[in-house]
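Since the structure comes first, as structure tokens, the remarks are kept for the end.
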Amino acid sequence: MNYIEKLTLLVQERFISEGADHDWYHIERVLKLAQYIQSNEGGDLEVVTCSALLHDISDHKLNGGKLNDNGRVAREILTKLNAPESIVERVVRIVDLVSYKGQGVADKTESLELSIVRDADRLDAIGAIGIARAFHFGGSRNRPFYDPEIAPKKHRDFAEYARDKSHTMNHFHEKLLLLFDRLETPTAKLIGRKRQSLMEDFVANFYQEWEVKV
Ligand code: ADP
Ligand code: NI
């Protein structure tokens, strides 16, 4: 088995029993989307593959609240698997920068591979699967679907965004509806358009039904 095959098994084992918002199937979809985007846009397939597999390896929602810990864990794992050093450095950088840190926090763009993996992760957060993941996330924390008294917030930093415990509809305004405009690669924008319009329809219909506008 080469190191990427070993890494795939290790990540699968780590995520298989996580909740549906963040389980192995999320990682696998991000991997497939990232590899598809790479096949159109170019970039290093090995770096894209490892970064997609490791992009949530130490997420703050799963690791007891530590922010920006992905790179440290990714380095540990890849070094143990004897991955080439040049790959390790590039992957560590990507998995540290990949995640959404709040509406008021700009994305750092520094490599095509980072843009590809970030786009793939964001595509899986929008559309039909994105809606399902959001309500699974809210449900698993027993949050209400919606509360008209609590308006969405514009988070200025990652800590403030990570602390927020609002109802699930706010998450659409604070993150999910904003992701399409932040996609960077033309291939992801093409895939994202349909997902975005489905999600916009869903949100508009949700409020109509909430108000019982029949
Ligand atoms: P990703 O894996 O795409 O980086 P996150 O780690 O931010 O995304 O979140 C994992 C999943 O949980 C996503 O589908 C996201 O929309 C959902 N999620 C995160 N925070 C919330 C929230 N406050 N309310 C509802 N869903 C959320
Ligand atoms: Ni993810």
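The values are calculated or read from the model by the stated rules, or taken from the named source; none is laboratory data. Everything numeric in this text was worked out from a predicted model, so none of it was measured. Here the Cβ positions follow ideal geometry from the backbone for every residue, glycine too, while neighbour counts run over all protein chains shown. Ligands, DNA and RNA are stripped out before the accessible areas are found, and what is left, the full protein with its side chains, is counted by its heavy atoms. Shrake-Rupley method; radii C 1.70, N 1.55, O 1.52, S 1.80 Å.
I'm trying to understand the selection: among the residues of segment 43-56, which are aliphatic (A, V, I, L, M) and crowded, with 20+ Cβ neighbours inside 10 Å?
As a first pass, look at segment 43-56 and keep what is aliphatic (A, V, I, L, M): 45, 47-48, 52-54.
Hits for segment 43-56 are V47, V48, A52, L53, L54.
In segment 103-118, what count of residues is obtained for those that are away from ligand 2 (no atom under 12 Å from the Cβ) and surrounded by 19 or more Cβ atoms within 10 Å (Cβ to Cβ)?
Summing the residues that are away from ligand 2 (no atom under 12 Å from the Cβ) and surrounded by 19 or more Cβ atoms within 10 Å (Cβ to Cβ) in segment 103-118 gives 4.
Tell me yes or no: at least one residue of segment 170-183 is in a loop (DSSP other than H, G, I, E, B), at pLDDT 95 or above and open to solvent by less than 80 Å² (accessible area, probe 1.4 Å).
yes
Could you please find all residues in segment 29-61 being closer than 16 Å to V98 by Cα and either of a type in the set (S, T, Y) or without any contact (Cβ under 8 Å) to a residue 12 or more places away in the chain (or both)?
T49, S51, S58
Criterion first (within 13 Å of the chain's Cα centre (by Cα) and acidic (D, E)) does D124 satisfy it?
yes
For residues that are modelled with pLDDT of 95 or more and either polar (S, T, N, Q) or within 11 Å of ligand 1 (Cβ to nearest atom) (or both), tally how many sit in segment 22-51. Explain how you work it out, then say what you get.
As a first pass, look at segment 22-51 and keep what is modelled with pLDDT of 95 or more: 23-51.
Now restrict to residues that are either polar (S, T, N, Q) or within 11 Å of ligand 1 (Cβ to nearest atom) (or both): 23, 26-27, 29-30, 35, 38-40, 49, 51.
Result for segment 22-51: 11.
Based on this model, can you work out whether V117 counts as more than 19 Å from V203 (Cα to Cα), among the β-branched types (V, I, T) and outside any helix (DSSP H, G or I)?
no
If I filter segment 184-214 down to residues being open to solvent by less than 50 Å² (accessible area, probe 1.4 Å) and in a helix (DSSP H, G or I), which single residue comes out as nearest to G42 (Cα to Cα)?
Among residues in segment 184-214 that are open to solvent by less than 50 Å² (accessible area, probe 1.4 Å) and in a helix (DSSP H, G or I), the one nearest to G42 (Cα to Cα) is T187.
Report whether or not T79 is of a type in the set (S, T, Y), in a loop (DSSP other than H, G, I, E, B) and open to solvent by 80 Å² or more (accessible area, probe 1.4 Å).
So T79 fails the test.
What's the number of the only condition in (1) closer than 23 Å to H55 by Cβ; (2) away from ligand 2 (no atom under 16 Å from the Cβ) that R156 fails to meet?
(1)
Of the conditions (1) crowded, with 19+ Cβ neighbours inside 10 Å; (2) outside any helix (DSSP H, G or I), D59 satisfies every one except a single condition; which number is it?
Going through the list (1) crowded, with 19+ Cβ neighbours inside 10 Å; (2) outside any helix (DSSP H, G or I), D59 breaks only (1).
With the structure loaded, tell me whether V98 is at pLDDT below 95 and either within 11 Å of ligand 2 (Cβ to nearest atom) or touching a Ser or Thr at 6+ places or on another chain (Cβ under 8 Å) (or both) or whether it fails that test.
Here the answer is yes, as V98 does meet what is asked.
Could you tell me which numbered condition P144 fails, if it satisfies all but one of (1) open to solvent by 60 Å² or more (accessible area, probe 1.4 Å); (2) in a helix (DSSP H, G or I)?
(2) is the only condition that P144 fails.
Would you point out the residue of segment 151-169, among those that are more than 10 Å from ligand 1 (Cβ to nearest atom) and of a type in the set (A, V, I, L, M, F, W, C), that is most open to solvent (accessible area, probe 1.4 Å)?
Result: A151.
Take the residues in segment 62-76 that are in contact (Cβ under 8 Å) with a residue 24 or more places away in the chain and open to solvent by 30 Å² or more (accessible area, probe 1.4 Å), then tell me which one is farthest from Y161 (Cα to Cα).
Looking at the filtered set, the residue picked out is L62.
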